[in-house]
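Colleague: Can you read through this structure? Questions will come right after.
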Amino acid sequence: MSGNHDHDHSHGHDHDHPGVKPEDTSAPGRYELMTLAMQELLIEKGILTPEKIRRGIEALDSWQPSRGAAVVARAWTDPAFKAELLADGNAAVSRFGVDMGEAKLTVVESTSNVHNVIVCTLCSCYPRGLLGLPPDWYRSKRYRARIVSEPRKVLAEFGTVIADDVAVRVHDSLADLRYLVLPKRPAGTEGWSEEKLASIVTRDSMVGVAVPMPSAT
Amino acid sequence: MSATETAPFQPLAFQPGDRVAIARVNPPGHRRTPFYVRGKIGVIERACGEFLNPEELGYGFTGQPRRRLYRVRFRQHDIWPAYRGSTGDTIDVDIYEHWLSHLPD
Amino acid sequence: MAAHRDGDPDNTHLSSAREPGRGYHDIGGLPAGPVEQDMTETRPWEKLSVVLGNSLGIKGAKLVRTDEVRRTREELGVDLYNELGYFERGTASLATLLIEKGILDKDELEARMAAIAERMAEEGR
């Protein structure tokens, strides 16, 4: 494989070719070239347009954990919304402009008795519309391999120690479901606004490797 | 389900609480039931709806008939003999109906 | 900095293909080391690789299905699967699928890759 793992990013090159511009400064690897070549050929064949690709990049950039955090904060403050979110995730998040497409959003609620954590052992399924692209560790083989069989140990590596009397529930999402953890609302956040609550809901807490900390603000 | 779509694969649906066995088979090809639960016993936690069969979609077929998808809950100690954790710890896996068979209670 | 793009030092040893009937991608429960939590920035071409797949999918041109790309990823072969990073696997499996479907031609793709490499070299990359 290419030796282009470590390098600096430098932006601002000008290229007179349609679509996304290569912005790295290192020599391109085989799979960067393959991606750029596919882009050009698909545009030339009239299958895609630079406009569609640009819009796709914009959509991807708009997928951020803040969207998931807003959903969680609403669920913490609005019982009717929480009920809908747990019953029909797709409908509930569509109110936030999130389109789950064909996937079925399944929200799992962590409580005083249950701590949920999600994984996709076969590939790296992830609720991208709510959390963005998955972090490196979520895609890593070590996480995929271990979180199912030794979840408490992996969680401890993330600094999350679950008490023995709390059940750890792992969810392996494999094809058509996408999971989001609805973390337990931490004590000490009574009376907080939705916005302030959302500020403590991290990506990791919605995957379930962390819990929201009221002291984080 | 619209009128143009076919009926589900199995006439008999599983109900929450049903004990089920996961098929102990390792067929080649695109499969969505992970190796670690094959041949294991779990409990239907809930029905998740009907979906085009991903194991057919993977090869460009229509995915019809739709298959029911279930969330099956396994006790961690039943899956991993050396599991270190509480007895209440579980793993929930999404499994299609054609991988499941009923077990007596 | 992690030597592997995926923060995935177990890329090779975690191959499960030696177990009969088990896909090399089907790794749940295999022993492995501590999860590396370092994060890397997603590069422009990596985002593009995701967007190409999305644009060709069910919400776009409707030419590919998620499960088809999963299937070609599971057919990359264990060596390539273990060698490549996450986005590289995605691009490799999408290209394989487009070639399989006759949407792209393998030689055409390789020729264009060579042309782009030459162009980028002239432009200082």
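Colleague: Quick one: which strands (runs of 3 or more DSSP E) sit completely within region B:40-105 and have at least 1 residues that are at pLDDT 95 or above, more than 10 Å from the chain's Cα centre (by Cα) and hydroxyl-bearing (Ser, Thr, Tyr)?
Modeller: B:90-96
Colleague: What's the total number of residues in region A:167-208 that are among the basic types (Lys, Arg) and not in a loop (DSSP other than H, G, I, E, B)?
Modeller: Residues that pass the stated criteria total 4.
Colleague: Over 16 Å from C:TRP45 (Cα atoms), in the same structural domain as A:GLY129 (by TED's automatic domain parsing) and in contact with an Asp or Glu (Cβ under 6 Å, 6 or more places away or on another chain): which single residue out of A:ALA87, A:ALA69, A:ALA80, A:ALA92 fits that description?
Modeller: None of the others qualify; the one that does is A:ALA92.
Colleague: Which of the residues belonging to region A:104-124 are at the interface with another protein chain (Cβ under 9 Å from one of its Cβ atoms) and among the hydrophobic types (A, V, I, L, M, F, W, C)?
Modeller: A:VAL108, A:VAL114, A:VAL119, A:LEU122, A:CYS123
Colleague: Check whether at least one residue in region A:101-115 is touching a helix residue (DSSP H, G or I) at 6+ places or on another chain (Cβ under 6 Å) and either in a loop (DSSP other than H, G, I, E, B) or more than 30 Å from B:GLU50 (Cα to Cα) (or both), and report yes or no.
Modeller: No: region A:101-115 contains no residue that is touching a helix residue (DSSP H, G or I) at 6+ places or on another chain (Cβ under 6 Å) and either in a loop (DSSP other than H, G, I, E, B) or more than 30 Å from B:GLU50 (Cα to Cα) (or both).
Colleague: Condition (residue is part of a helix (DSSP H, G or I), within 8 Å of chain C (Cβ to nearest Cβ) and β-branched (Val, Ile, Thr)) applied to region A:53-60: is it met by at least one residue?
Modeller: Checked region A:53-60: at least one residue is part of a helix (DSSP H, G or I), within 8 Å of chain C (Cβ to nearest Cβ) and β-branched (Val, Ile, Thr).
Colleague: Hey, among the residues in region A:101-141 that are touching a strand residue (DSSP E or B) at 6+ places or on another chain (Cβ under 7 Å) and farther than 30 Å from C:GLU36 by Cβ, which one's modelled with the highest pLDDT?
Modeller: So the residue we want is A:ASN113.
Colleague: Take the residues in region A:154-180 that are crowded, with 20+ Cβ neighbours inside 10 Å and more than 7 Å from every other protein chain (Cβ to nearest Cβ), then tell me which one is farthest from B:ARG32 (Cα to Cα).
Modeller: Top of the filtered list is A:ILE162.
Colleague: Answer yes if at least one residue in region A:141-153 is within 12 Å of another protein chain (Cβ to nearest Cβ), of a type in the set (Val, Ile, Thr) and closer than 22 Å to B:ILE79 by Cα, and no otherwise.
Modeller: Checked against the condition, which is being within 12 Å of another protein chain (Cβ to nearest Cβ), of a type in the set (Val, Ile, Thr) and closer than 22 Å to B:ILE79 by Cα, region A:141-153 yields at least one hit.
Colleague: Regarding A:PRO127, is this residue surrounded by 21 or more Cβ atoms within 10 Å (Cβ to Cβ), under 17 Å from the mean Cα position of the chain (by Cα) and over 23 Å from B:VAL37 (Cβ atoms)?
Modeller: no
Colleague: Sort out which residues of region A:103-123 are among the hydroxyl-bearing types (Ser, Thr, Tyr) and either surrounded by fewer than 22 Cβ atoms within 10 Å (Cβ to Cβ) or more than 14 Å from the chain's Cα centre (by Cα) (or both), and write them in order of number.
Modeller: Listed by number, the residues that qualify are A:SER110, A:THR111, A:SER112, A:THR121.
Colleague: Determine which member of the set C:LEU76, C:LEU56, C:LEU104 is more than 7 Å from every other protein chain (Cβ to nearest Cβ) and either surrounded by 22 or more Cβ atoms within 10 Å (Cβ to Cβ) or of a type in the set (Lys, Arg) (or both).
Modeller: Answer to the selection: C:LEU56.
Colleague: Can you name the number of the only condition in (1) farther than 26 Å from B:GLY88 by Cβ; (2) in contact with a Gly (Cβ under 8 Å, 6 or more places away or on another chain); (3) touching a residue at least 24 places away in the same chain (Cβ under 8 Å); (4) crowded, with 20+ Cβ neighbours inside 10 Å that A:ASP136 fails?
Modeller: Every condition holds for A:ASP136 apart from (3).
The values are calculated or read from the model by the stated rules, or taken from the named source; none is laboratory data. Quantities reported herein were computed from a predicted structural model and do not represent experimental measurements. Note that each Cβ is placed from the backbone with ideal geometry, even for glycine, and that neighbours are counted across all protein chains shown.
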